[in-house]
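Worksheet: one structure, shown below.
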DNA sequence: CATAGGATG
DNA sequence: CATCATATG
């Protein structure tokens, strides 16, 4: 069994102060897909770097902004950064680690909440990203795209859906994009293991005590090819840790 | 007896979080000369504004920067802001409150620690300020200029003096300026009440545990005309409070 | 080392 | 509401 966790840490240094290392030791994932590192590699706290994982990073040009990583107990056979689109790759949003039996991606899609300019870039990112996804959809080697997509797919993925139809992250065109990505050949592994189950979220606003009231959004996914998804056994959102505004989404695969 | 406190709060909002109101209630000064407010008047915490003091402010153009105030139990007969030099007055460094029997000033001299440009401005400020001091030196009404001058006068006003002769705040020309200000007709009231006494400081760097080791500087003064200084009875640096990197310098005058 | 404001989420 | 960068001290 391989346990893979997807976790937007909202600043690895902040998460470290709140007990990131305790989480790693207790949850003990084999692979951790990190998003929003908000640090350069050499700014990652020493206690984290001393964990028994191979670390691979893809950071943004801009300091303190974005950045993804994959930590793995096993050393990857190959690591790739970005998707080959310059402006995207300078924002540190995609990294891939290839192992003998599968590939893992750590993905951080742009947020569109700050206005039209960023919303337009988000949609551009998504358009390019779907083509990137097509490259791996029919490959013999199973793949899983873990990360923060900043989109809730369906009404049960967001609290108070009726009031959110004009909110970035739940716009019709964004939700449609998730549907299209699934049509390319990916499966929403967490949802398949918890079909129809309500009130399962992976992000809560820091405002208005959203987490204690569980007024959240499910925007962090494992999107996997069928050969990967069929191996999934158990999926959990690790809500008990308060390390970030997101919670780790951890899934065990029988590989 | 009138107790006047001079206190660089290093951000009134931060000082408030650490118990500024407790200090006011326990120390109970009649007049508080505040420096480095680092807030607009309407950003001052409500609990402070609800204290039983008349408040008068002189803030900087730049938000979160500099700013002085005088809080007084009695309402001033007159309040004046600045010294009539535009660039100085836009930095919120001087306010005067006039009462029946005396005048009080709250002064915040520039720091020169960030480099030559600011050091030059500090010396320019001091040159203009000495002319401002001359206006009140021979006035019948006693005056006291309370504040943070960012200068240690003599070797006993700074820890480790032999190593500081090239440090902004203890440069020969700065120390000479204090001497000249005294020659204009002001007295260093705290020092006159504690002549020759060592290890009396009003500021400690936040670095290297300077305060617990009492590795400080005395840069906050009551500089008073003779008619004011002769009324001083008791002077204390209130080190027990940890509200700022400075401590309040409180002197009681028999007026 | 600490306080602010500003950008970003 | 929170994290980070930058200016200032």
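What single numbered condition from (1) in a strand (DSSP E or B); (2) farther than 22 Å from residue A:91 by Cβ fails to hold for residue A:29?
Failed condition: (1).
Only one residue in A:170, A:125 is within 16 Å of DNA strand C (Cβ to nearest atom), surrounded by 19 or more Cβ atoms within 10 Å (Cβ to Cβ) and over 28 Å from residue A:57 (Cβ atoms), so which one is that?
A:170
Consider residue A:196 against the criteria (1) surrounded by fewer than 21 Cβ atoms within 10 Å (Cβ to Cβ); (2) part of a strand (DSSP E or B): it satisfies all of them except one. Which criterion is unmet?
Of everything listed in (1) surrounded by fewer than 21 Cβ atoms within 10 Å (Cβ to Cβ); (2) part of a strand (DSSP E or B), residue A:196 misses just condition (2).
If we keep just the residues of region A:227-248 that are over 15 Å from residue A:6 (Cβ atoms) and without any contact (Cβ under 8 Å) to a residue 60 or more places away in the chain, which is nearest to DNA strand D (Cβ to nearest atom)?
Ranking the qualifying residues of region A:227-248, first place goes to A:240.
Determine which single condition residue B:150 fails, assuming it passes every other condition in (1) modelled with pLDDT under 95; (2) touching a helix residue (DSSP H, G or I) at 6+ places or on another chain (Cβ under 8 Å).
(1)
With region B:56-143 as the region, which strands (runs of 3 or more DSSP E) entirely inside it contain at least 3 residues that are within 16 Å of DNA strand D (Cβ to nearest atom) and closer than 30 Å to residue B:205 by Cα?
B:103-108
Quick one: is residue B:144 within 27 Å of residue B:238 (Cβ to Cβ), in contact with a helix residue (DSSP H, G or I) (Cβ under 8 Å, 6 or more places away or on another chain) and more than 16 Å from DNA strand C (Cβ to nearest atom)?
yes
Just a yes or no: is a residue in region A:34-50 within 16 Å of DNA strand C (Cβ to nearest atom), away from every other protein chain (no Cβ under 14 Å), in contact (Cβ under 8 Å) with a residue 40 or more places away in the chain and outside any strand (DSSP E or B)?
Yes, there is a match, as at least one residue in region A:34-50 is within 16 Å of DNA strand C (Cβ to nearest atom), away from every other protein chain (no Cβ under 14 Å), in contact (Cβ under 8 Å) with a residue 40 or more places away in the chain and outside any strand (DSSP E or B).
In region A:60-84, which residues are crowded, with 17+ Cβ neighbours inside 10 Å, within 16 Å of DNA strand C (Cβ to nearest atom) and over 17 Å from residue A:6 (Cα atoms)?
A:60
For region B:120-127, does any single residue satisfy the condition of being touching a strand residue (DSSP E or B) at 6+ places or on another chain (Cβ under 9 Å), under 30 Å from residue B:2 (Cα atoms) and in contact (Cβ under 8 Å) with a residue 24 or more places away in the chain?
No - not one qualifying residue is present in region B:120-127.
The values are calculated or read from the model by the stated rules, or taken from the named source; none is laboratory data. Treat the numbers as computed from the prediction; the structure is a model and nothing was measured. Note: ideal-geometry Cβ built from the backbone for every residue, glycine included; neighbour counts use all protein chains shown.
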